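Working notes, structure below.
The values are calculated or read from the model by the stated rules, or taken from the named source; none is laboratory data. Quick caveat, the model's predicted, so the values are computed rather than measured. Methodologically, a virtual Cβ is constructed for each residue, glycine included, from the backbone with ideal geometry; neighbour enumeration extends over all protein chains shown.
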Amino acid sequence: MPAAALSEIVWYVTGRFYASSKGSSVADYGYFLHVTGIDDALFASSVGERSAHLTFAAKPFAPAAATNASLALGLDPAGEFSIYLQTTPAGNFDVPDSFAQGERVATFRRTGLVVGTTLETAAGAAPMPLLGSNVFSARLIESRPFRLGYGRYDFADLVGAGVTQFGLAASTGVQPPPAGFSSVVAFSGSAIRLG
C-alpha cells in the first residue's frame, strides 16, 4: 500500500504523560493504533499496550507553565521521541520504560516549543481540569527499514519529512500513579504528514 499523501492522516497513537516525582521532568510513552501504509497487524493479539508491536518513548523534558484565566498552558521545549519495533511486545503503562524496548526504527525531533492547553473550571478552592490538547510538528531525523509480519517498512517512506500531531488529553490523572511519578495523564493523538 502506498504511503499517505500530503495532509492525510498517517497515524493514531495513544499513550500517557508521566511527571517525575523527582524534579520537574515529563516524558510520554505509548503505542500506535494505526499507521497508514502498514498492512501487517500492529498487535500480537487484542488491541492494547501489552500486545503492541510499535511503541514510542520521548526523552524527558522540563516544561514551563503559564496561565490565562481558565486556561493552564504547558510550554514544552523542542525535544525528541523514538519509535520502537517490539517483535515480542512488552509495553506496560505501569513500567513506562517498557515502551523504549526492542529495535529503534525512527527518531523525530519536535521543531520548536509545544504549547499544551488545559481548560479548567473552578470547583471549590482548586481549579478542575476539563480537557487538555496540544499540537506539534516533528521532523524525522533518523529512520531505518524494519520487518513486521510479511512486510518491510520504513518511516521515511511512511511519513516523509515528518508529522504534525494533534493530541487530546484526559481531564483526570491515572490513580494511583506508578512509583516514581507524581502524575500520569492519558492521551491520544493523530498525525498528518509534513511532506
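The table below gives the values:
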item	result
Out of ASP76, ASP40, sole residue that is touching a Leu at 6+ places or on another chain (Cβ under 6 Å), of a type in the set (D, E, K, R) and either at pLDDT below 95 or farther than 16 Å from VAL185 by Cβ (or both)	ASP40
Residues located in the range 103-119, provided they are surrounded by fewer than 17 Cβ atoms within 10 Å (Cβ to Cβ), among the β-branched types (Val, Ile, Thr) and in contact with a Lys or Arg (Cβ under 9 Å, 6 or more places away or on another chain)	THR111
Residue within the range 19-29 that is assigned to a strand (DSSP E or B) and surrounded by fewer than 13 Cβ atoms within 10 Å (Cβ to Cβ) present	no
Unique match (being modelled with pLDDT of 95 or more, of a type in the set (Lys, Arg) and under 30 Å from ASN68 (Cβ atoms)) among ARG152, ARG109	ARG109
In the range 150-164, residue surrounded by the most Cβ atoms within 10 Å (Cβ to Cβ) [restricted to those that are farther than 19 Å from GLY112 by Cβ and either free of Cβ contacts under 8 Å to residues at least 60 places away in the same chain or more than 19 Å from the chain's Cα centre (by Cα) (or both)]	TYR153
Yes/no for GLY132 being surrounded by 13 or more Cβ atoms within 10 Å (Cβ to Cβ), touching a residue at least 12 places away in the same chain (Cβ under 8 Å), among the small types (Gly, Ala, Ser) and assigned to a strand (DSSP E or B)	yes
Pairs with Cβ under 8 Å, 6+ apart, first in the range 165-179 and under 12 Å from GLY15 (Cβ atoms), second part of a loop (DSSP other than H, G, I, E, B)	VAL174/PHE93
Residue match in the range 168-179 (condition: in contact with a Phe, Trp or Tyr (Cβ under 6 Å, 6 or more places away or on another chain) and either at pLDDT 90 or above or surrounded by 12 or more Cβ atoms within 10 Å (Cβ to Cβ) (or both))	yes
Residues (in contact with an Asp or Glu (Cβ under 8 Å, 6 or more places away or on another chain), small (Gly, Ala, Ser) and without any contact (Cβ under 8 Å) to a residue 40 or more places away in the chain) located in the range 41-63	ALA58
